[in-house]
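Enquirer: Mind looking over this structure? Questions follow.
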Amino acid sequence: MLKVLQAGPGNGPRTLPCVEEMGMHFVGNNHVAFDTQSLGFPSIQSCQAVCFQVAGGIFGFHDYKGAGGVGVDSEKAKAFADWASKNGTGDPTHGVALYGVINQTHQYTRDHLGVQDWQSMLLGVAQELSFGGPVYGARITSHVGKSDSLYVRFDLIGNDVRISYKRWSKMEKNTAAAPLNPSDQALLRPAKSSEIDPSMIRADTRPYVAEPMKDYEYEDVFPVRRKDPGKGENLHIVSAKAIVQFR
């Protein structure tokens, strides 16, 4: 049964704590990460924020659609599942639910084909995770302009997940802070030819591998904060009725 926490009595304040004080993970383009409590996804526009709730925490996958198609979806899902099986303190063999959050129609359209593609992508991730439980999707359409990106956040509260968001134009990466580059985070990238059997390379794609952020020299992970330092995050909470169940 789907239960998404709402703001109100017993569920905490609508203004969430300052993220920089929480030590949470922030999941950039094609990053995967694990956190026992919270994951933040900067700048979701044509991307999807994927969250796998398990016993002991949440795994995240920022599905960046910069290139490729179904073949790339499959290879990234395999790399995410492989990474999750070896990292974090949560137990991916005891999954609870899989969530995917998209921004309006930037990645998947509202028609039958678009919804079918969205569902197939998430079910493909679930298959690679060997997860047979519930799979949910949330399409964000309110409090967001047509061309806006989003900051999406998942919070594990007891046995429930709270999904919240804000227009990315009101948020920012705090690049003045020390880079986080946590050990429980990696970048999914196409494997180099020297890293794989050449027979595994196809015309449209190749296997993906997870490179730890602490070892990746071209990109740093910074905490996210509200641009206006006088305001809390004040994120919008996604209601249960805005979430569809794909399985």
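FYI, it's all coordinate maths here, none of it is from the lab. Since this is a predicted model, take the numbers as computed values, not measurements. Cβ sites come from the backbone with ideal geometry, for glycine too, and all protein chains shown count toward neighbours.
Enquirer: Cα-Cα over 31 Å: which of K86/K192; K65/K86; K214/K241?
Expert: Listed pairs above 31 Å: K214/K241.
Enquirer: Which aspartates and glutamates, if any, have their Cα less than 12 Å from the Cα of K76, not counting same-chain residues under 8 positions apart?
Expert: Result set, ordered by chain and number: D63, E128.
Enquirer: Additional query: Using modelled amide H (1.01 Å from N, peptide plane; none on Pro or chain starts), what sits under 5 Å from the amide H of H31, excluding residues fewer than 5 places away?
Expert: Sorted by chain and number, the residues that satisfy this are H62, L188.
Enquirer: Another question, then. Suppose only helical runs count, i.e. DSSP H with n ≥ 4. What mean residue ellipticity at 222 nm does that imply for the chain under -39500 (n - 2.57) per run, divided by all residues and rounded to the nearest 500 deg cm²/dmol?
Expert: -4500 deg cm²/dmol
Enquirer: Compare A210, A55, A84 in a GNM of the chain, Cα atoms joined below 10 Å, and give the one with the largest fluctuation.
Expert: Fluctuation is largest for A55.
Enquirer: May I ask you to list the lysines whose Cα is less than 21 Å away from that of K231, ignoring any residue fewer than eight positions away on the same chain?
Expert: Leaving aside lysines fewer than 8 places away in the same chain, those within reach of K231 are K166, K170, K173.
Enquirer: As a footprinting exposure proxy, order I44, I157 by other Cβ within 10 Å, with the fewest listed first.
Expert: By the 10 Å Cβ count, ascending: I157, I44.
Enquirer: Right, another one. What dipole magnitude, in Debye to the nearest 20, does segment 36-166 give about its Cα centre under +1 on Lys/Arg Cβ and -1 on Asp/Glu Cβ?
Expert: Numbers: 10 positive and 11 negative charges, 63 e Å.
With Lys and Arg at +1 and Asp and Glu at -1, about 300 debye.
Enquirer: Which one of G56, P42, V72 has its Cα pushed farthest toward the positive end of the charge dipole of the chain, where Lys and Arg give +1 and Asp and Glu give -1 at the Cβ?
Expert: P42
Enquirer: Please report, in debye to the nearest 20, how large the charge dipole of segment 157-247 is about its Cα centre when each Lys and Arg carries +1 at its beta carbon and each Asp and Glu carries -1 there.
Expert: 680
Enquirer: Can you give the FRET efficiency to the nearest 0.05 for D91 and Q245, using r as the Cβ-Cβ distance and R₀ = 30 Å?
Expert: After rounding, the FRET efficiency stands at 0.80.
Enquirer: Subtracting the Cα-Cα distance from 0.36 nm times the residue separation, let me have the gained length for M200 to K173 in nm, one decimal.
Expert: Working: separation 27, 0.36 × 27 = 9.72 nm, distance 3.71 nm.
Between M200 and K173, full extension yields 6.0 nm more.
Enquirer: Turning to a different aspect of this structure: Taking amide H atoms as placed 1.01 Å from N in the peptide plane, list the residues 5 or more away in sequence, or in a different chain, whose amide H sits under 5 Å from that of F26.
Expert: Placed amide hydrogens put G40 under 5 Å from F26.
Enquirer: With +1 assigned to the C-beta of every Lys and Arg and -1 to the C-beta of every Asp and Glu, and no other charges, what is the dipole magnitude of the chain about the Cα centre in debye, to the nearest 20? Don't jump to the answer; show the numbers that get you there.
Expert: Details: 26 positive and 26 negative charges, 188 e Å.
I would put it at about 900 debye.
Enquirer: Same structure, new question: Starting at the first residue of segment 171-183, write each ³J(HN,Hα) from the Karplus equation 6.51 cos²θ - 1.76 cosθ + 1.60 with θ = phi - 60°, in whole Hz, x for Gly and Pro.
Expert: Result, rounded to whole Hz: 10, 7, 7, 8, 6, 7, 7, 5, x, 7, 6, x, 6.
Enquirer: Measure nothing but the geometry: give the 0 to 90° angle between the long axis through the Cα atoms of 112-128 and the longest principal axis through the Cα atoms of the chain, rounded to 10°.
Expert: Result, in degrees: 70.
Enquirer: If you compute Cα Rg over 2.2 N^0.38 Å for the structure shown, which of (i) 1.25; (ii) 1.12; (iii) 0.96 do you land on?
Expert: After the calculation, the listed value that fits is (iii).
Enquirer: For Q45, list long-range residues whose amide hydrogen, built 1.01 Å from N in the peptide plane, is under 5 Å from its own amide hydrogen.
Expert: L150
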